Amino acid sequence: MKKTVLWSAVLAMFIFGGCSSKDPSIDATDDSAKTSKSGEGAAMVTDVVEEDVIVVDENAGIEDGSERTMGGLESRMQSVNFAFDKFDVAAQESDKITGNAAIVNGDASEFTIKLEGNCDEWGSDEYNFALGLKRANSAKDAMIAEGVDSKRIAMVSYGESNPVCIDKTRECWAKNRRVDFKLLP
């Protein structure tokens, strides 16, 4: 018993004693690191030659609030809503598909699009996950018809687990029957 306690104490010393509490420091006078700045207010872009490590800020050269960023492009895309227990894209929602396809084929051409199918709280979990996937698939088919490459489209169903409104009203339930459009790098 004494040996076990002794060995445990020794092992703990090695484990906890080997962990340093100091923050690593970087020598600012090292000539191997080159730093450049592009654009007003842009983040630093660093290239370390010796270690073949390149750290690049995604938004370097793009001003904050630009509509060409992933978040800016997503904010321009509209969700497509569906009728109760339906998964076909209604005629009044086709303009949203057309607009989203134009964004995806235009400014967002380097991104993959993720279609997120959602449902209201009516029905079982299994039924709502299947219905959400059918809604996402209908939106996918409509996007392909608008000229979006099917290889750039991913789908997911959240069923009833991702509501945008939690009130117990018909208007609220209608808001939750939708497909959201998200961009992936």
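The values are calculated or read from the model by the stated rules, or taken from the named source; none is laboratory data. What you see is a predicted model, and the numbers here were worked out from it, not measured in a lab. Here the Cβ positions follow ideal geometry from the backbone for every residue, glycine too, while neighbour counts run over all protein chains shown.
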Residue in segment 115-133 that is nearest to the chain's Cα centre (by Cα), counting only those that are crowded, with 17+ Cβ neighbours inside 10 Å and either of a type in the set (D, E, K, R) or outside the structural domain of Asp85 (by TED's automatic domain parsing) (or both): Glu116
Just the residues that are at pLDDT below 95 and of a type in the set (Asp, Glu), please, taken from segment 172-185. none
Residues (under 20 Å from Ala101 (Cα atoms), assigned to a helix (DSSP H, G or I) and in contact (Cβ under 8 Å) with a residue 12 or more places away in the chain) located in segment 142-185: Ala142, Met143, Arg152
When residues of segment 73-100 are limited to those that are without any contact (Cβ under 8 Å) to a residue 40 or more places away in the chain and part of a helix (DSSP H, G or I), the one surrounded by the most Cβ atoms within 10 Å (Cβ to Cβ): Glu93
With surrounded by fewer than 18 Cβ atoms within 10 Å (Cβ to Cβ) and of a type in the set (S, T, N, Q) as the only criterion, which of Asn162, Asn176 stands out? Asn162
It is to be established whether one or more residues within segment 106-117 are modelled with pLDDT under 95, on the phi < 0 side of the Ramachandran plot and of a type in the set (D, E, K, R). yes
